[in-house]
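Please treat every number below as a calculation from the coordinates, not as lab data. Predicted model only: the values in this text are computed from it and were never measured. Neighbour counts are summed over all protein chains in view; Cβ atoms, including those assigned to glycine, are modelled from backbone coordinates with ideal geometry.
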Amino acid sequence: MDSYQSGAEEIRIERYEPAGDGPRPALLIVHGSGGSASYWLSHFAPQLVLMGLSVHAPHYFDKTGTLRATAETILDGHHFPAWLRALEDAIGDLRAQPNVDAQRVAVLGISLGGYLAVALGINDPKLRLIIELSGGLPPSWENRVSAAMPPTLVLHGAMDNVVPVSEALKIERVLAEAKARYQIEIFPQENRWFSATVGPKLLMTCGAFMAKYL
């Protein structure tokens with residue numbers, strides 16, 4: 001387990017590096033409300049490393065001492081901006097890594113992490129791409145989206161009973177109106193937790209998007 005500094009707080013970060021020397025493209029994985037950075041790193045990293053990516057998963061809840069996010073903490077106007085700062089500092093940390101190509105950094109966020117990933121892309125158009133899975137656009141951020149937004153891949157299950165698919169359709173509309181580059185895929189029979197049958201398709205879709213833009 002490594003760490004980096006975000007203001008006064010030390011943030012743990014897990015890293016998964018491919019063999020060989022850099023510099024190489026890097027992907028920041030942003031976990032959801034359960035705080036499961038290790039789960040998502042182990043879920044995605046083995047396949048992504050085969051593509052030559054350096055994969056990093058920050059424990060950004062360390063910024064606020066949070067173990068698990070709730071609707072109240074997400075919407076209280078304090079926690080979300082603090083987590084966003086921690087993730088912006090994580091990107092700065094990635095760009096400073098000797099084996100990372102600072103011009104080829106991307107973000108993949110899941111659920112709450114999807115909202116944060118979109119916010120990162122809005123604030124930092126130098127990111128190469130954003131992948132948001134089962135997330136959406138932060139409330140009241142519609143007017144912040146512009147054509148400068150990094151290419152964005154939106155993935156969502158139509159049967160999601162936590163973050164409704166309407167959130168994916170909303171971000172699609174906003175990205176289209178802003179003339180931003182994006183791709184969306186809605187999985188008709190999938191709920192909150194994508195089934196094993198669509199797992200390969202998810203990875204292939206993400207891989208093709210990264211091959212195109214990263």
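Starting from 0.36 nm per residue, how many nanometres of slack lie between A208 and D21 once their C-alpha separation is accounted for? The partial results should precede the final answer.
On the way: separation 187, 0.36 × 187 = 67.32 nm, distance 2.36 nm.
Between A208 and D21, full extension yields 65.0 nm more.
Among K179, K170, K63, which comes first, second and so on when ranked by fewest other beta-carbon atoms within 10 Å? Display every interim value, and only then the final one.
Numbers: K179 11, K170 15, K63 23.
If I rank by nearby Cβ atoms, fewest first, I get K179, K170, K63.
Can you sort R173, R15 from fewest to most other Cβ atoms within 10 Å of each residue's own Cβ?
On the way: R173 12, R15 18.
Fewest to most other Cβ atoms nearby, the residues stand as R173, R15.
Taking the Cβ of K170 as the center, what net charge do the other residues with Cβ under 13 Å away carry, scoring Lys and Arg +1 and Asp and Glu -1? Don't skip to the end; give the middle numbers.
Numbers: positive: R173; negative: E132, E142, E167, E172, E177.
Taking every other residue near K170 into account, the sum is -4.
State, as an integer percentage, the relative contact order of the chain based on alpha-carbon contacts under 8 Å between residues 6 or more apart.
Numbers: 429 pairs, mean separation 36.0, N = 214.
Reported as a whole number, the value is 17 percent.
Projecting each Cα onto the charge dipole of the chain (Lys/Arg +1, Asp/Glu -1 at the beta carbon, about the Cα centre), which of N123, S36, L84 comes out farthest on the positive side?
N123
Could you work out the local net charge near G7, counting Lys and Arg as +1, Asp and Glu as -1, over the other residues with Cβ closer than 9 Å to its Cβ?
Numbers: positive: K63, R85; negative: E9, D89.
Value of the local net charge: 0.
For a quick check: with amide H placed at 1.01 Å from N, whose amide H comes under 5 Å from V30's, ignoring anything fewer than 5 positions away on the same chain?
L108, G109, I110
I'm spelling it out carefully: the read-out is Cα extents along the principal axes in Å, the candidates are (1) 122, 27, 21; (2) 40, 36, 34; (3) 49, 44, 35, and one was derived from this structure. Which label?
Structure-derived value, by its label: (2).
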